[in-house]
């Protein structure tokens, strides 16, 4: 997997965990924080650590933040700054903006300003965040012992319009397909609806909007994505 560049704004305990997890996976990480002591603490562990006020859009532009593959806003106790930084990042057309929220009220506000990817307390394990960043095809996953996981995979391009028997997840990739989440047209011109197929059959054809729910090792999940994306 090619090296990607990520910025983490706010490297307190939580942001530091995300930055270190990304760095350990081979990513180029730029850590930013307005507190010099936080920056100094992580400086030797990431590609670049900068003391910077993320609410200052000029400072963000100087660091060419718009060239990042993704930016994580991991500030925990200053929601006003979080919102302002998120707005700056959206205005700069960052490829992916991932923002931490505490509680449903903050989630609603962030969604209201246009943030799509939001970190909630349920998804705050640094390893999960890092996996989502490094592999955008993963909608979510559950870590299990011995490097196994249950992963939700957006249908890879090379799998679309092919029957499952042809893809052969079990024999070719050593993955077990649990089910498929499929989007259907809404009733009476209403919004689209998502339903589980149940137990897919070998002649089930993968559609572009499908999400495959699979069980296997992290290594095999990534190999499947590399071959088929």
> Can you give me the relative contact order of the range 5-134 as a percent, contacts being Cα pairs under 8 Å and 6 or more apart?
Replying inline: 24 percent
>> Cut-off is 10 Å between beta-carbons; in what order do 38, 88, 195 appear when sorted fewest neighbours first?
In response: 195, 38, 88
> Using helices alone, what [θ] at 222 nm do you get for the chain, with -39,500 (n - 2.57) per DSSP H run of 4 or more residues, divided over all residues and rounded to the nearest 500?
Replying inline: -9500 deg cm²/dmol
> Quick one: if you stick a label point 7 Å off each Cα along the C-beta vector at residue 188 and residue 219, how many nm between them?
Replying inline: 5.4 nm
> Of 66, 21, how do they rank once you tally other Cβ atoms within 10 Å and put the fewest first?
Replying inline: 66, 21
>> How far apart, in nanometres, would the label points at residue 113 and residue 35 be if each is projected 7 angstrom from Cα along the Cα-to-Cβ direction?
In response: 2.1 nm
>> Relative contact order for the range 138-228: what percent, with Cα pairs under 8 Å and sequence separation of 6 or more?
In response: 39 percent
> Once a ≥ b ≥ c are taken as the square roots of the eigenvalues of the Cα gyration tensor of the range 5-134, is the result rounded (a/c under 1.5), prolate (a/b larger than b/c) or oblate (a/b not larger than b/c)?
Replying inline: rounded
> How do 48, 169, 133 line up, fewest other C-beta atoms within 10 Å first?
Replying inline: 48, 169, 133
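Report the rotationally averaged projected area of the chain based on its alpha-carbon convex hull, in square nanometres.
14.0 nm²
None of the figures in this text is laboratory data; all of them are computed from the coordinates on show. For clarity, every value in this text was computed on a predicted model and none was experimentally measured. Methodologically, a virtual Cβ is constructed for each residue, glycine included, from the backbone with ideal geometry; neighbour enumeration extends over all protein chains shown.
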